[in-house]
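What follows is one structure encoded as structure tokens, with my remarks underneath.
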Amino acid sequence: MENQQKVIFSGVQPSGILTIGNYLGAIRNWVGLQDDYRSIFCVVDMHAITVRQTPADLRRRTYETLAIYIAAGIDPARSTLFVQSHVPCHAELAWVLNCSAMFGELSRMTQFKDKSAKHADNINAGLFTYPVLMAADILLYQADLVPVGQDQRQHLELCRDIANRFNGVYGETFRIPDGYIPTGSAKIASLNDPTKKMSKSDENVNAFISLLDDRDTVLRKCKRAVTDSDSEVRRAEGKDGINNLMNIYACFTGKSDAEIEREFEGQGYGVFKTAVGEAVADGLAPIQNEFARLMQDKAYLESIMREGAETAFRIARKTLSKVYRKVGFVGL
Ligand code: TRP
């Protein structure tokens, strides 16, 4: 029960519907952690505008992202779910932390380099200080653990450096967070190139299965998944495509490798791919039904946002006041 006090914080950008990779690799595990940790999940709309967004799309996706979390099993009664721009402390702490983050270290962030290459016409200052806002997100809640993917490791490391630097200058203020990868979480690869991670921002829509893909789309994408020229459904080195489909099938059916290999013995890839598609579509159906229901009920989603923002604000304000005092701002 010592975990009861531990805080988990994570943020997700409202920049598209999550994939089964996000679901199996992350959210599904968080569902099980809600009783053991104080869990806080944030929809980071302020991060999203570091690249150009269509305002109406951003607004809709913010609702959708929240709805997806709830539909996938994050329970607003046990976890705090909120939208970043509803809690002004994030922007306020980010400014103070900007003054503890170094130009040189921000210049070394690989995501900044990648994104500025991709959006060469819009290399704005927000894109550059993106990791500082992320550090503010985490440090405001004195988070112990931050579940993030490999691509966010460098940002988390920077967050720790900034926090340590601030603590060193002004005295103990922030808890130093650790990254967190729950054991047993599945890594789901792209259907198009199984040596790459499945990503919702892949240009090729056949490379990922979105949590909202309908049955026909799921079946078609599974059918088209890139596999090797062998025909035996068996886990083996070099059979990345089949290994990935076996992982997906296992996650949705709970079957072991041995069971799967026996089930499809002598049947070839076609039959297996159809079975994978059906298992995925069956698994997604309840999430999609719940999602559709929630999206019809904006008032409910807004009540969750409002409640989440109040809870988050209460925690965040304490940390921010402490920071303002430490740096020498006059309190009234
Ligand atoms: N940068 C993260 C991503 O793109 C999202 C994020 C913002 C985040 N703030 C966070 C993740 C705080 C964890 C904790 O995936």
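The values are calculated or read from the model by the stated rules, or taken from the named source; none is laboratory data. Bear in mind the structure is a predicted one, so any value in this text is a computation, not a measurement. As a convention, Cβ positions derive from the backbone with ideal geometry for all residues, glycine included, and neighbour counts pool all protein chains shown. Accessible surface is based on the protein model in full, side chains and every heavy atom, while ligands, DNA and RNA are left aside. Shrake-Rupley method; radii C 1.70, N 1.55, O 1.52, S 1.80 Å.
There is no residue in segment 115-124 that is within 13 Å of the ligand (Cβ to nearest atom) and crowded, with 19+ Cβ neighbours inside 10 Å.
In segment 136-150, what residues are open to solvent by 10 Å² or more (accessible area, probe 1.4 Å) and near the ligand (Cβ under 7 Å from one of its atoms)? Residues satisfying the conditions are V148, G149.
Against the list (1) charged (D, E, K, R); (2) surrounded by 15 or more Cβ atoms within 10 Å (Cβ to Cβ); (3) assigned by TED's automatic domain parsing to the domain that holds R28, the condition E278 fails is (3).
Wholly within segment 1-77, which helices (runs of 4 or more DSSP H) include no fewer than the required count, namely at least 3 residues that are surrounded by 21 or more Cβ atoms within 10 Å (Cβ to Cβ) and of a type outside the set (A, V, I, L, M)? Reasoning before the result, please.
Values: elements: 28-33, 45-48, 55-71.
In segment 1-77, 55-71 are the helices (runs of 4 or more DSSP H) which contain 3 or more residues that are surrounded by 21 or more Cβ atoms within 10 Å (Cβ to Cβ) and of a type outside the set (A, V, I, L, M).
A residue that is farther than 29 Å from E310 by Cα and away from the ligand (no atom under 14 Å from the Cβ) occurs somewhere in segment 167-179. Output the number of residues of segment 123-144 satisfying the condition of being in contact with a helix residue (DSSP H, G or I) (Cβ under 9 Å, 6 or more places away or on another chain) and not in a helix (DSSP H, G or I). Residues that pass the stated criteria total 5.
Return the only residue of F208, F166 being over 29 Å from V87 (Cα atoms) and not hydroxyl-bearing (S, T, Y). Break it down into steps so the answer makes sense when it comes.
Values: F166 fails: over 29 Å from V87 (Cα atoms).
Testing whether each residue is over 29 Å from V87 (Cα atoms) and not hydroxyl-bearing (S, T, Y) leaves just F208.
A single entry from E105, E92 fulfils the requirement of being among the acidic types (D, E) and in contact with a Phe, Trp or Tyr (Cβ under 9 Å, 6 or more places away or on another chain): E92. Which residues, taken from segment 36-58, are under 23 Å from A309 (Cα atoms) and out of contact with any helix residue (DSSP H, G or I) (no Cβ under 9 Å at 6 or more places or on another chain)? Once the filter is applied, which keeps residues that are under 23 Å from A309 (Cα atoms) and out of contact with any helix residue (DSSP H, G or I) (no Cβ under 9 Å at 6 or more places or on another chain), segment 36-58 yields P55, A56, D57. In segment 156-175, the residues that are in the same structural domain as V132 (by TED's automatic domain parsing) and assigned to a helix (DSSP H, G or I) reach residues that are aromatic (F, W, Y) and open to solvent by less than 20 Å² (accessible area, probe 1.4 Å) with C-beta atoms within less than 7 angstrom, at least six apart or across chains, in these pairs: A163/F174; F166/F174; N167/F174. Every condition in (1) more than 16 Å from the ligand (Cβ to nearest atom); (2) farther than 20 Å from D137 by Cβ; (3) at pLDDT below 95 is met by G25 except one, and the failing one is (1). Count of segment 79-114 residues, restricted to those that are more than 15 Å from the ligand (Cβ to nearest atom), touching a Ser or Thr at 6+ places or on another chain (Cβ under 8 Å) and touching a residue at least 40 places away in the same chain (Cβ under 8 Å), is 0.
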